[in-house]
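One structure below.
The values are calculated or read from the model by the stated rules, or taken from the named source; none is laboratory data. Since the structure is predicted, the reported quantities are computational estimates derived from the model, not experimental observations. Methodologically, a virtual Cβ is constructed for each residue, glycine included, from the backbone with ideal geometry; neighbour enumeration extends over all protein chains shown. These accessible areas exclude ligands, DNA and RNA; they are computed on the full protein's heavy atoms, side chains included. Shrake-Rupley method; radii C 1.70, N 1.55, O 1.52, S 1.80 Å.
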Amino acid sequence: MSKIKLNLKDLTIPQKLAKAELIANSLTGNASFPAPQPALATFALAKDELANAYSEAQIARLTAKEKTTIQNNKEAALDRLFTQLAGYVESVAGSNEELILSAGMDPRAAAVAATGTPPQPQALTPTAADYDGQIDLSWDTVSGAKSYVIQQSGDPVMATSWSYGGVSTKSRFTATGLTSGTRFWFRVAAVNSNGQSGWSDPATKIAP
């Protein structure tokens, strides 16, 4: 059985780079380990390549964040124009569904009251967000849900470790203010006029 604990799966990339630097320095000129395999030069090159790739990825994240902000602003502008145009069509067509359809728009379906609490959300998925200390969450939309409540927990999870994370009206949410390199757990519940669903299966991610 191996006597060495690397614990690589729980390390962030900066932590791995620091560990690699420590190991390389410790083995260099160490008479107890005269011929490391792989060669330290190969190990150092792989470390440097990862460091460069990580740096480029961080820059790309910032650029993507800026472009995403521009995209979101443009989307919001188009949404406002959608709403204004729909208001105009409605002012002319009234409740005439045929006339509304002729304008390329869909008439609103009659509201159906929810008869019970919504089912628990499914497929909760955490992914690294654009900034350090943030995790994006997404899940399958729950029919009839008016909003979603998000809870988060440190590791390990206990019955009393869950705390309020936020609320969203869409099936996505970004958890912020997280400590980079720390594992977090999340769960989400759907809410409608009749109450709250059960909690989703928890999902975990190490904050970037």
I want to make sure I understand the PRE zone here: with the label point 7 angstrom from the Cα of Arg183 toward its beta carbon, which residues in region 190-208 have backbone N atoms less than 13 Å away? 203-207
Accessible area of region 118-208 belonging to carbon and sulfur atoms, whole % at 1.4 Å probe: 49
Taking amide H atoms as placed 1.01 Å from N in the peptide plane, list the residues 5 or more away in sequence, or in a different chain, whose amide H sits under 5 Å from that of Trp199. none
Between the alpha-carbon centers of region 7-58 and region 62-86, tell me the distance in whole angstrom. 43
FRET efficiency for Gln196 and Thr127 from the Cβ-Cβ distance with R0 = 35 Å, rounded to 0.05, comes out at 0.90
Taking every Cα atom in the chain, find the radius of gyration and the maximum pairwise distance Dmax, and write them in Å. 25.3, 89
Cross-link partners of Lys65 among lysines (Cα-Cα below 22 Å; sequence separation of 8 or more within a chain): Lys74, Lys170, Lys205
Say R0 is 45 Å: what FRET efficiency, to the nearest 0.05, do Asp10 and Arg80 get from their beta-carbon distance? 0.50
To the nearest 10 degrees, how steep is helix 40-93 against the longest Cα principal axis of the chain, on a 0 to 90 scale? 10
Note down the net charge around Thr141, summing +1 for each Lys or Arg and -1 for each Asp or Glu among other residues with Cβ under 14 Å from its Cβ. +2
Debye, to nearest 20: dipole size of the chain, +1 on Lys, Arg Cβ, -1 on Asp, Glu Cβ: 700
Taking Lys and Arg as +1 and Asp and Glu as -1, residues besides Glu90 with C-beta under 15 Å from its C-beta add up to -2
Going by alpha carbons, how many degrees (0 to 90, nearest 10) lie between the helix axis of 13-27 and the longest principal axis of the chain? 0
